1. Could you name the lysines in cross-link range of residue 89, using Cα to Cα under 18 Å and dropping any fewer than eight places away on the same chain?
2. Any idea which of 23, 71, 100 is furthest toward the positive side of the dipole for segment 6-139, if Lys and Arg beta-carbons carry +1 and Asp and Glu beta-carbons -1?
3. Once you charge only the Cβ atoms, +1 for Lys and Arg and -1 for Asp and Glu, what is the size of the charge dipole of segment 158-285 about its Cα centre, to the nearest 20 debye?
4. Hey, can you rank 162-173, 14-25, 245-256 by average C-beta count inside 10 Å, highest first?
5. Between the alpha-carbon centers of segment 238-290 and segment 59-116, tell me the distance in whole angstrom.
6. What are the lysines whose alpha-carbon lies under 23 Å from the alpha-carbon of residue 13, with same-chain residues fewer than 8 places away excluded?
7. Place +1 on the Cβ of every Lys and Arg and -1 on the Cβ of every Asp and Glu in the chain, take the dipole about the Cα centre, and give the residue among 43, 339, 7 whose Cα lies farthest towards its positive end.
8. Would you mind working out the magnitude of the charge dipole of the chain relative to its Cα centre, with +1 at each Lys and Arg C-beta and -1 at each Asp and Glu C-beta, to the nearest 20 Debye?
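We did not get these values from a lab; they are worked out from the coordinates using the rules stated. None of the values given here were measured: they were computed from a predicted structure. Here Cβ is always computed from backbone atoms with ideal geometry, including for glycine, and neighbour counts include all displayed protein chains.
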Amino acid sequence: MKSAVFYGKEDLKIENSDMPEITPEDVLIRVHACGICGTDIHIFDGDEGAAATPTGTILGHEFAGEVVAIGDAVEEVKIGDRVCVDPNKLCGKCSFCRNGKGHFCTKMIGIGTTVNGGFSEYCSVPVSQVYKFSDNITYAQAAMTEPVACCLHGIDMCNLKHGDTVAIIGAGMIGLIMLQLVRLGGAKRIIVFEPIEEKRRIAEKLGADLTIDPLNGQANKMLIENGVDQVDVVIECVGRTDTIEMGINIAGKGSTLMMFGLTKPDDVLGIKPFEIFKKELVLKSSYINPYTQERALGLIDSGKIDVQSMIYRTISLNELPKVLSDRKERSKGKYIVDPQMNC
């Protein structure tokens, strides 16, 4: 079968791999859609994501497909079911798992990060990690369940209240998901900071009340000019130190700043503690997607969250290394890889 195998920094090869074997509690999935995530980009660039990725690993952790084989002990799904995957397999035995903090599991298996994943024609997955979805949505939409699940965990931690004013920094896929979640959560006004005009237009379509190009360097001034004197929640979705610092700058009194974007491991943030003190800011971050996969799938399946609008293009496996290596190209939007597509 054809797969995208990671061998090190900027070294991803499309090659033939052995068909995965399944244990009695596994299912074999024919992958029809796998999203390119920011974590995949970090790994390709030589940085660590949530965990270190061994050389020789097939990447891809946002995926959906069709069940084509099941292990002898599998009862929850059948051949032909359409499923998406929660890539984080918890051990269930460590102290974090036993105390309801499974996303800090000390023996977590990451499908597509620490073991073989969905940038492949087929992938073997424990049945505990699959979620069936209806014919209401496509494979590509279902593949977006994992990023929506991650965003849900972040939103759960934001102290969002009905009537709040929320600023979102970055209108990539994550920012656009966050935008829809805060709208559902009862935000009074939603401001999106994004330098790319096309992405600002998508944000407006999805419910942003105000979009601002942050590259003019006058974020606070533009907020005031548009009648915004208090931002209650700031969600940073870019993963850069300058945008985090911008978030601290625009946050209002008693605000929560969610640092959701993944920075490089060695990045150092320059902040003035006095600014945090003056505003009584709450700084938070969000790690993985504990126990939110089913909620996320329900939001997509019901149409409450529009993930289709943020899909930029579907590509074949053969095109994947080129997209990952071209910073300008990969910044254009959300790519979905269809391993069954010939190119």
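1. Straight-line reach from residue 89, under 18 Å: 101, 107, 132.
2. About the Cα centre, the residue reaching furthest to the positive side is 100.
3. Numbers: 16 positive and 17 negative charges, 63 e Å.
Taking the Cα centre of segment 158-285 as origin, the dipole is about 300 debye.
4. Values: 162-173: 23.2, 14-25: 13.0, 245-256: 18.8.
With the highest mean Cβ count within 10 Å placed first, the list reads 162-173, 245-256, 14-25.
5. So the separation of the two Cα centres works out to 31 Å.
6. Result set, ordered by chain and number: 2, 322, 328, 332, 334.
7. Of the options given, the answer is 43.
8. Numbers: 37 positive and 46 negative charges, 171 e Å.
Computed charge dipole of the chain: roughly 820 debye.
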